[in-house]
Amino acid sequence: MPILVLGGGAREHALCWKLAQSPRCAALYCAPGNPGIAAVAACIAIDPADPAAVVAFAAENAIGLVIIGPEGPLVAGVADALRAAGIPVVGPSAAAAQLEASKGFTKDLARAHGIPTAGYRRFDSSADAHHYVAVHPLPVVVKADGLAGGKGVTVAESNEEGLAALAEIKGPVVVEECMTGPEASLFVLTDGDTVQVWPTARDHKRLRDSDTGPNTGGMGAISPSPQLTDALLERAMREIVHPTLKAMRDAGTPFNGILYAGLMLTPKGPMLVEYNVRLGDPEAQALLMRLDSDLVELMLACATGTLKDVTPVWSSDAAITIVMAANGYPAAPVTGTVIEGLAAAEALGVTVFHAGTMISPDGRLLAAGGRVLSVTALGHDISEARALAYAAMRKIRWHGGHYRRDIGR
Ligand code: AMP
Ligand code: GLY
C-alpha cells in the first residue's frame, strides 16, 4: 500500500524509517520531507498544510494511509479533507485539534470537567492581561494561546519578566499559576473508540543543561519516563485523558489519532500542563525505536477504526534521543554550517534522524534549521542507551551546533 507522511522533521524521519520496514509499505512518500527522509521515502514538494493539495496528491497516487506528523496541517483541516475524500488518515479533525491550537480551549475544557490543571485566566490580548500579570503571585506562567512551536511559554520568576514575556505575545493570552514537579509525556493512540496507551517518555524542553535557559521544542527525550509509574499512569488516564476524550466525544468532535498529554507530577498528583494532538518531537524518535511490531498495521487500524484488533509489542529496552541544535536556537539559529561524521556515528549502533538539514549543491550536508539532528539509541537501561548516544555524538563533526550533556541523567 502506498503511504504518505506529512511533515519534515526528525519525528517524521523516525515515522518514515519505521514505516519503511513494514512489508505492507509498497511506496512511501513524505511532504516535504528532508535529506534524511529521502533515504527511505520519496520527498514531494507539496504544502502539507494545504488540504486540497494533499487530497489531490493522495488520490493521484492511490495513497491508502496518511500519517500527519505536525500540528499545522491538523489545525488547517487536512485530516478532515482526507476523511471527506475517503482516505484513511491518522490525525484529528481541526475541531479536535483545538486541544493543541488553543490553550484557553483546553483550560476551559479541563475546568468544566474537573480535570486537574493549574489555575488560570484567559485574556483576549496582552494589554488586557497587563495588570493581572503585574500583581500575580510568583512564579507566574505566561502563554500565547495559539500555536508557538513549543516556544510561547514563559515561567517568570518576577512580574517584570512576566510583563516582558507578555509584550512579545500577539493575540490571546493565558496566564497560569505555576505547578512544580517532574514532567512526563503520556501518549495514547485512539480511533475514537479503543484507547491504546503507548510507552511513557520524558522530554527536556529547556535549552541548556540542568533545565536552564529558554523553553525550546525539545532538546532530548528518554523512554520510559523514570517518574511516571504504572500507578501514576493509571491515575492520569482516569483523571485526565479519559475525561478529555469523553468530553470531546460528547461535544460531537471525537478525537482520532495520537493524543499527547504533557503532565506535571505534582505533590497533589498528575496535572495537565498541555495537550498536543500528535506525537512529540523528540519523544517520537525514542518511542518508535522501541516499537517491535509493524507500524503500518497499527496506524492503519487506527485510521480504519479497528484498533481493538491490534496490540503492539514494545521493546523492554530503554531509548534516548539527543537533539543537536544550531547555535542561536531557539531565537535565531545560524544555518548553512557543514556537518560531517554521521556515518561514523551510526557505525556505533545509533540511528541519526534528520530535522533541519539540507544538501548543498556540492553534496555536503548543511544545517538548515533550529533543531538539526536527533541521535537516538537503545540500551538495556537509560544509562546504557545514554552512553552509546553520547559516544556517537562525539563522532559528529559540526562546529555550528550544540547539544545538552545531561539528557537522561
Ligand atoms: P507548554 O507548551 O504549555 O507545554 O509549556 C512548555 C513548558 O513550560 C512545560 O513543559 C513546562 O515546563 C512549563 N510550564 C507550562 N505551564 C506551566 C505551569 N502552569 N507551571 C509550571 N510550568 C509550566
Ligand atoms: N516535545 C514537545 C513537543 O513535541 O511539543
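Add +1 for every Lys or Arg and -1 for every Asp or Glu among the other residues with Cβ under 14 Å from the Cβ of L279, and state the total.
Numbers: positive: R11, K18, R278, R290; negative: E12, E71, E100, D203, D281, E283.
So the surrounding residues net to -2.
Search the structure for amide H atoms under 5 Å from the amide H of A27, placed 1.01 Å from N in the peptide plane, and list their residues when 5 or more places away or on another chain.
Residues meeting the amide H criterion: I3.
Per residue of the stretch 313-319, what does 6.51 cos²θ - 1.76 cosθ + 1.60 with θ = phi - 60° give for ³J(HN,Hα)? Whole Hz please, x for Gly and Pro, Karplus curve as stated.
My calculation for the stretch 313-319 gives 9, 10, 5, 7, 5, 9, 10 Hz in order.
Determine, for H380, H354, the number of other Cβ atoms within 10 Å of each Cβ, and report the residues in order from fewest to most.
So the ranking, lowest neighbour count to highest, is H380, H354.
Rank the residues I37, I87 as a footprinting-exposure proxy: fewest other Cβ atoms within 10 Å of their Cβ go first.
I87, I37
What does the net charge come to around T306 if you take all other residues with beta carbon closer than 11 Å to its beta carbon, with K and R at +1 and D and E at -1?
-3
When the chain is modelled as a GNM with alpha-carbon springs shorter than 10 Å, which of A247, A387, A45 fluctuates the most?
Residue with maximal mean-square fluctuation among A247, A387, A45: A45.
Extension gain A343-I44, at 0.36 nm per residue separation less the Cα-Cα distance, in nm?
Once the chain is fully extended between A343 and I44, it gains 105.1 nm.
Full-extension gain between V197 and E177, please, as 0.36 nm times their residue separation minus the C-alpha to C-alpha distance.
4.3 nm
Could you tell me the distance between the Cα centroids of the stretch 1-36 and the stretch 301-319, to the nearest Å?
The two parts, judged by their Cα centres, are 18 Å apart.
Hey, could you grab the Kirkwood Rh for the stretch 1-125? Inverse mean 1/r over distinct alpha carbon pairs, Å, one decimal. All intermediate terms of the calculation are to be shown ahead of the outcome.
Details: mean 1/r = 0.0643 Å⁻¹.
Answer for the stretch 1-125: a Kirkwood hydrodynamic radius of 15.6 Å.
Step by step: find N for the stretch 253-376, compute 2.2 N^0.38 Å, then divide the Cα radius of gyration by it. What's the final number?
1.32
If you rank W314, W398 by fewest surrounding Cβ atoms within 10 Å, what's the result?
The fewest-first ordering by Cβ neighbours comes to W314, W398.
Give me a comma-separated list of calculated 3J(HN,Hα) values for the stretch 38-52, in order, Karplus coefficients 6.51, -1.76, 1.60 applied at θ = phi - 60°, integers in Hz, x for any Gly or Pro.
4, 6, 10, 9, 7, 7, 10, 8, 10, 6, x, 9, 9, x, 5
Please give the Cα centre distance for the stretch 121-161 versus the stretch 264-297, rounded to the nearest Å.
Taking the Cα centre of each part, the stretch 121-161 and the stretch 264-297 sit 26 Å apart.
Going Cα to Cα from K246, which lysines come in below 28 Å? Please leave out same-chain ones fewer than 8 positions away.
The qualifying lysines are K103, K107, K143, K268, K308.
Quick one: divide the alpha-carbon radius of gyration of the chain by 2.2 N^0.38 Å and tell me what you get.
0.94
How high is the FRET efficiency between A59 and T311 when r is their beta carbon distance and R₀ equals 35 Å, given to the nearest 0.05?
Calculated transfer efficiency: 0.60.
Given a Förster distance of 30 Å, report the FRET efficiency between R111 and K170 from their Cβ-Cβ distance, rounded to the nearest 0.05. Each step should come with its number before you reach the end.
Values: r = 25 Å, r/R0 = 0.83.
With a Förster radius of 30 Å, E is 0.75.
Which cross-chain or sequence-distant (5 or more) residues have an amide H under 5 Å from the amide H of E274, H modelled 1.01 Å from N in plane?
G262
Want the number for H131 to E234: 0.36 nm per residue separation, take away the alpha-carbon distance, what's left?
Numbers: separation 103, 0.36 × 103 = 37.08 nm, distance 3.96 nm.
Gain in length upon complete extension: 33.1 nm.
Points 7 angstrom from Cα along the Cβ direction at I359 and A52: gap in nanometres?
According to this spin-label approximation, the distance is 3.3 nm.
Throughout, read-outs are computed from the coordinates displayed, never taken from laboratory work. Note that the structure is a prediction, hence the values are computed from the model and not measured. Here the Cβ is made from the backbone with ideal geometry for all residues, glycine too, and neighbour counts use every protein chain on show.
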